Each structure stands twice: as structure tokens, then as C-alpha cells.
Amino acid sequence: MTTVQVEPDDVARELREYVRTHPEVRKERYQNPDHDPIEGACYVLAEAYFHAKGGTDSDLEAYRLDWGDVYDDADGAHWFLREDETHTVIDLSLPTPSHGDDVPWDKARHRAFITGYTASNRTQRVLDALGLAA
């Protein structure tokens, strides 16, 4: 069974709170007023946490789960991090760890972020606002 953490430390807590109070950091297609804003912010949360924890010098690796690989009629992707040594999933976009119980984590692929290992503009804005270096 995969261990999932949604708020492993104070940095994660700060990032989740920032997205909740600034839901505009999500891409427009993921803005749903009926859901917790973190649920539509997997990419920015994963990328921001990765950079805040040291980027390529950390023990975190980026993963992308393509929903089309899981369901025939699905599209889109889900981004999260995995600790290299323990293989613990860190997914700041889940409300609770149990929300990850049905996620097929093993179907995800290790990937660089869309902008490689340079913080995207959206992520850099979040990091700057919280005083977290990238």
C-alpha cells in the first residue's frame, strides 16, 4: 500500500493555505467553486513544494499521472511528488490522505515539470509571495 502525505510540514501547510486564499493561481479550467481550491492546483502545489524543499537537491521527484492511461474516456493529468528513498507520495492537492486511496499511483511516470527544473511563472509568484526561494 502506498503511503500518502498531504501536509508533511509547515511549508506544505503554507502552500495549501496560500492556494486556498488565492484560488486564482489555478488554471481557469480547474476553478470549481464547489471544491476545495487545492483540488484544482496539483501542478502549482507540486512544483512549488519541490522548489521550496531544494529542487533537484532534494529527495523529491516529480510524477505525472495521465488520466487517459487509466480510463479510456478521460483526459488531463495529475501531478504529485514522491520521496526517492521511501517512495512516499506527497500530494498537497488532496484534502486528506484517504482521498488518494483509489488513485493508481503506480501508473504515474517520473517526469520533469513542464518548465523543466526552473519554476514556472505561476509557481514563482507563489514562492515569492510566501518568501520561499526557488
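Every number in this text was worked out from the coordinates using simple rules, so none of it is lab data. Treat the numbers as computed from the prediction; the structure is a model and nothing was measured. Ideal geometry is used to build each Cβ from the backbone, glycine not excepted, and the neighbour counts take in all protein chains shown.
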Along the charge dipole of the range 51-131, Cβ charges K/R +1 and D/E -1, which of Ala129, Thr115, Gly55 sits furthest on the positive end? Ala129
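Treating only the Cβ atoms of Lys and Arg (+1) and Asp and Glu (-1) as charged, compute the dipole magnitude of the chain about its Cα centre; round to the nearest 20 debye.
Working: 14 positive and 27 negative charges, 97 e Å.
The calculation lands at about 460 debye.
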For the range 96-110, just list the computed ³J(HN,Hα) in residue order, Karplus coefficients 6.51, -1.76 and 1.60, θ = phi - 60°, integers in Hz, with x standing in for Gly and Pro. 9, x, 5, 5, x, 4, 9, 7, x, 3, 5, 8, 6, 10, 5
Could you work out how much longer the chain between Ala133 and Ser58 gets when fully extended? Use 0.36 nm per residue separation minus the Cα distance between them, nm to one decimal. 25.6 nm
Using amide H atoms built in the peptide plane, which far-off residues or other-chain residues are under 5 Å from Ile90 H to H? Gln5, Leu81, Arg82, Glu83
What spacing in nm lies between the two simple spin-label points modelled at Glu28 and Arg13, each 7 Å away from Cα in the Cβ direction? 3.6
Quick one: 3J(HN,Hα) in Hz for the range 76-91, Karplus 6.51/-1.76/1.60 with θ = phi - 60°, rounded, Gly and Pro as x. x, 8, 10, 9, 7, 10, 9, 6, 4, 7, 8, 6, 5, 7, 10, 10
Once you keep just the Cα pairs under 8 angstrom separated by 6 or more residues, what percentage relative contact order results for the chain? 32
